[in-house]
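Any read-out appearing in this document is the output of simple, stated calculations on the displayed coordinates, not a laboratory observation. Because the structure is predicted, anything quoted here is derived from the model rather than measured.
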């Protein structure tokens, strides 16, 4: 498979497609056709089999709207960062929920504090406890979470800001560990007391 890079700019009602390293250009009426048109253009220009050609297409400009590719890259980076921060918020929520429940605060009241239903509180606490920190985020594996902590997920942020975010996330995870440990100890003590009472 031979890979090529191509760019598309819109001129009037047509997309003009240029492929790096290939003289000339081709056109497409709709952007969804652009990749195929570029591949066919490369195949015709180089005598390569169409199935052996792949093209990575970037949109540069559309009727005066410029810097499209760069702006799309920034948007994608911001989406990754937003998803990462959402994961951090979920860890923080689970940690606080576990800590409040461990302090004998009713789940309905914990739900009011956190702005979620008491069923969601139970879900957060029980899921985190059941996984024993192997999966600190419900439905997310430990490996996926640690990958989310990778600095690359904070694309476009200054190093100092990234360090602050990572520190906050790790502190939230530590609080979750502590809360779950306290909950586990409380469960063990309760079970021991019940066993002692039954023997008496």
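Only beta bridges with both residues in segment 2-66 are counted; by DSSP, about 55 percent of them are antiparallel. Taking every Cα-Cα distance in segment 40-107 and sorting them into 10 Å bins starting at zero, the pair-distance distribution P(r) comes out as 16, 19, 19, 18, 12, 11, 5, 1 percent.
Kindly identify segment 2-66 as rounded, prolate or oblate by the Cα gyration tensor criterion: order the square roots of the eigenvalues as a ≥ b ≥ c, call it rounded if a/c is under 1.5, otherwise compare a/b with b/c, prolate if a/b is larger, else oblate. Here segment 2-66 falls in the prolate category. The distance separating the Cα centre of segment 1-34 from that of segment 62-98 comes to 29 Å.
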